[in-house]
Amino acid sequence: MNEQLMKILIIGDGNVGKSSFVHRYVNGQFNKTYKMTVGVDFSVKLLHWSDNKKVRLQLWDVAGQERFISMTRIYYKGALGCVVMFDVTSSSSFLSCRQWKQDLDNKAMLSNGNTIPCVLLANKCDLSQRVVSADSIDRFSKANGFITWMEISVKENKNIGEAMRRLVEEILSV
Ligand code: GDP
């Protein structure tokens, strides 16, 4: 049995649902009062990827950052994949994704010099007060080198596992 460790970063503005996402994915729960400690912390999820392969995901959430902030290289070090998240009811959280992705591409590199695989996740698609259209997300995703983008709802448990599976597949293929 082969086991691979993968450090994955979860970045994006505050309040978009990053810690809820990690909590949902790792513990299978959505809990309104759940809040991670401020700072950077990681949670672990073990995936039985195939008969002879396990993947140990280390999910690093930038908690406590309201807006974009340039992260230290130590945070990015060794990361193999990334999730950039925004909230479809907040245009400012969508606009910040460009800065989050640029900071990532400037500081996080694979040993072959390539940028790390990154998915763009549009959270809270259960809400009706949506202000960011699928069309603009699609254009932005293509123009900024994301492997793909997906609409998710942590609240309704929509596309959470699918998004992570897509990212892990990409990491395993590079
Ligand atoms: P973070 O600051 O990015 O880690 O965001 P949190 O995980 O703390 O979530 C911020 C708020 O958004 C909380 O009140 C969550 O309950 C709420 N939230 C997270 N995901 C969803 C979702 O998919 N739909 C809705 N309606 N609310 C969500």
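Under 5 Å from the amide H of residue 85 lie the amide H atoms of 11, 12, 121, each residue being 5 or more positions distant or on a separate chain, with H modelled from the backbone and absent for Pro and chain starts. Bridging of residue 101 to lysines at a Cα separation below 26 Å is possible for 7, 18, 35, 45, 77, 124, 142, 155, 158, once same-chain residues fewer than 8 apart are set aside. Here residue 92 and residue 27 are evaluated by their C-beta separation; at R0 = 35 Å the FRET efficiency comes out at 0.75. Peptide packing for 127-134, 65-72, 5-12 was compared via the average number of neighbouring C-beta atoms within 10 Å per residue; ordered from the highest value, the list is 5-12, 65-72, 127-134. Here the residues 172, 57, ranked from fewest to most Cβ neighbours within 10 Å of their Cβ, fall in the order 172, 57. Dividing the convex hull volume of the alpha carbon atoms of the range 114-172 by its residue count gives 70 Å³ per residue.
Expressed as a fraction of 2.2 N^0.38 Å, the rule-of-thumb size for a compact globular protein of N residues, what is the C-alpha radius of gyration of the chain?
Scaled against compact globular proteins, the figure is 0.97.
Using Cβ point charges alone (K and R +1, D and E -1), the dipole size of the range 25-174 about the Cα centre works out to roughly 240 debye. No disulfide-compatible partner, judged by a Cβ distance under 4.7 Å, exists for the following cysteines of the chain: 97, 125. If a/c stays under 1.5 just call it rounded; otherwise compare a/b with b/c (prolate if a/b is bigger, oblate if not). Do that for the range 72-148, with a ≥ b ≥ c from the square roots of the Cα gyration tensor eigenvalues. Verdict is prolate for the range 72-148. Taking R0 as 30 Å, what FRET efficiency do you get between residue 58 and residue 135 from their Cβ-Cβ distance, rounded to the nearest 0.05? With R0 = 30 Å, the Cβ-Cβ based efficiency is 0.30. Couplings 3J(HN,Hα) for the range 121-133, derived from phi with the Karplus relation 6.51 cos²θ - 1.76 cosθ + 1.60 (θ = phi - 60°), are 10, 9, 8, 6, 6, 6, 7, 7, 7, 5, 10, 10, 7 Hz, where x marks Gly and Pro. Segment residue 111..residue 148, full-extension length gain: 11.1 nm, with 0.36 nm per residue of separation and the alpha-carbon distance subtracted.
No lab work stands behind these numbers, since they all come straight from the coordinates. It should be emphasised that the depicted structure is a prediction, and the values quoted were computed from it without experimental measurement. Glycine gets a Cβ as well: all are built from the backbone with ideal geometry, and neighbour counts include every protein chain shown.
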